[in-house]
Amino acid sequence: MLAARTGNLPQLGVTLLSGVLAEQLLARAPASVAAMVPANTGTEAVEAAIKIARAATGRARVLYAEHAFHGLTLGSLSLNGNAEFRDGFGPLLPGCDPVGFGDCDALESELARGDVAALVIEPVQGKGVNIPADEYLPGAQRLCREAGALFVCDEVQTGIGRTGRFLALEHWDLQPDMICLSKALSGGLVPVGAVLVSRAAFDKVFDGMERAVRHGSTFGGNDLAAAAALATLRVLDSEDLVARAQRMGELLLELTRPLVERFEVVADVRGLGLMWAIEFGPPGGAGARRLWERVEARQPGLFSQLVIVPLFREHKILCQVAGHHMNVIKALPALMVEEAEIRRFAAALEETIAAAERYPSALARFGLRTGIRAARVRR
Ligand SMILES: Cc1ncc(COP(=O)(O)O)c(C=O)c1O
């Protein structure tokens, strides 16, 4: 594609490859979106969505979910549901307010004020891998429509096959006014982002020659990024990676869900496609619970490290906690992950948790040491 050497000077107007990318993405998206605004990163896509929502509705307020993550530039940070990211950077954008993830009543009462431009929401929250109840997202979309607010799905993490559908919103047949994309859109190779926008919202914002360039960026829609994205879509199709993500995700859940029954410390195992998490909670016995509490008193969420570290040291498997102050480990395997690798991960996880249950005091010592070190670093 790059060999075609299309004219691609920054800011020279719409370029061929980003036009083809728009066509290809829209062909895979719900009928509610009809145009693409290019960007370079996830946060930039979210910034664009905030601006478009405000300009299209003439309203200022933007709602987001508690524990949400939409990026770390000032606008998207204003939609961040975690104090760890927000603190110290205020004042953030005025008019950005949280609602509980899954709480339609809270959403309805915020929307009733008649001043909400948009609800920006991750179909599955990245921080914690929180999967909403079946009725929440369709309900939230309906409430937004009734209130004249735009319904914006941030699919920066969940999109491009991650959850076993090309877009996670397909699980609930959603028809959003905007969809934010980035991350896997270029196969992780080069920075790329995009917002898919409804015709109505797009036309209200870009409604004349003078207003045609009111949002954009020098490198948004550049040929290299568009070529990488088009190549990614081609491989996704030719290797049937979306269906594979669904199959491998089902296998991963089938192998790991029984851990909830097997181990007291495993509170939950959840996932959608290849977006998977395991959550730990305090064990039942008084002694074991005391150990847990000592470890957690050092730093909430530290218990997870007792699993993450041996998984890496002994099994060479790298995964991470799904957010601050939570005992949730998250795995987002590559979509071409092999069945044998899923099986190896599940077996290693089980062995590691079993060891954690067998030698709780040694692990607690490790936890306390790690906690002390972490506290020193924080100071
Ligand atoms: C749902 C979601 N939105 C937006 C972003 C921000 O993307 P970027 O890091 O490319 O700015 C992320 C990044 O993790 C994300 O998970």
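The values are calculated or read from the model by the stated rules, or taken from the named source; none is laboratory data. On a predicted model such as this, the values are computed, not experimentally measured, just so you know. Please note that ligands, DNA and RNA were not included when accessible areas were found on the heavy atoms of the full protein model with its side chains. Shrake-Rupley method; radii C 1.70, N 1.55, O 1.52, S 1.80 Å.
Can you give me the % of accessible surface on the stretch 1-82 that is carbon or sulfur? Probe 1.4 Å, all protein chains present, nothing else counted. Carbon and sulfur atoms account for 60 percent of the accessible area of the stretch 1-82.
Taking all Cα pairs closer than 8 Å and separated by 6 or more residues, the relative contact order of the chain comes to 17 percent. Shape of the stretch 240-323 from the C-alpha gyration tensor: prolate (a/c of 1.5 or more and a/b above b/c, with a ≥ b ≥ c the square roots of its eigenvalues). Against the main long axis of the alpha-carbon atoms of the chain, helix 16-28 sits at an angle near 60°.
Between the C-alpha center of the stretch 93-120 and that of the stretch 295-360 there is a gap of 35 Å.
Mean residue ellipticity, 222 nm, helices only, the chain: the sum of -39500 (n - 2.57) across DSSP H runs of n ≥ 4, divided by residue count and rounded to 500, is -13000 deg cm²/dmol.
More than 18 angstrom separation, counting every C-alpha pair in the stretch 54-105; what % is that?
I get 29 percent for the Cα pairs in the stretch 54-105 exceeding 18 Å.
Taking the chain as the reference, fit the longest principal axis to its C-alpha atoms, fit the long axis of helix 286-298 to the helix C-alpha atoms, and give the angle between the two in degrees, 0 to 90, nearest 10. The angle comes out at about 50 degrees.
Extent along the principal axes, Cα only, for the chain: 71, 50, 41 Å, with the longest axis given first.
Ranking K316, K204, K330 from most to least accessible surface, computed with a 1.4 Å probe over the protein chains only, gives K316, K204, K330. Taking all protein chains together and rolling a 1.4 Å probe, E254 ends up with roughly 130 Å² accessible.
Using equal-weight Cα scatterers in the Debye expression, the normalised intensity of the stretch 64-134 in log10 at q = 0.12, 0.18, 0.21, 0.28 Å⁻¹ is -0.31, -0.70, -0.92, -1.35. Shown here are the Rg and Dmax of the Cα trace of the stretch 1-92, at 16.6, 48 Å. P(r) for the stretch 123-230, from all Cα pairs and a bin width of 5 Å, is 2, 11, 17, 21, 18, 15, 10, 4, 1 %, short bins first.
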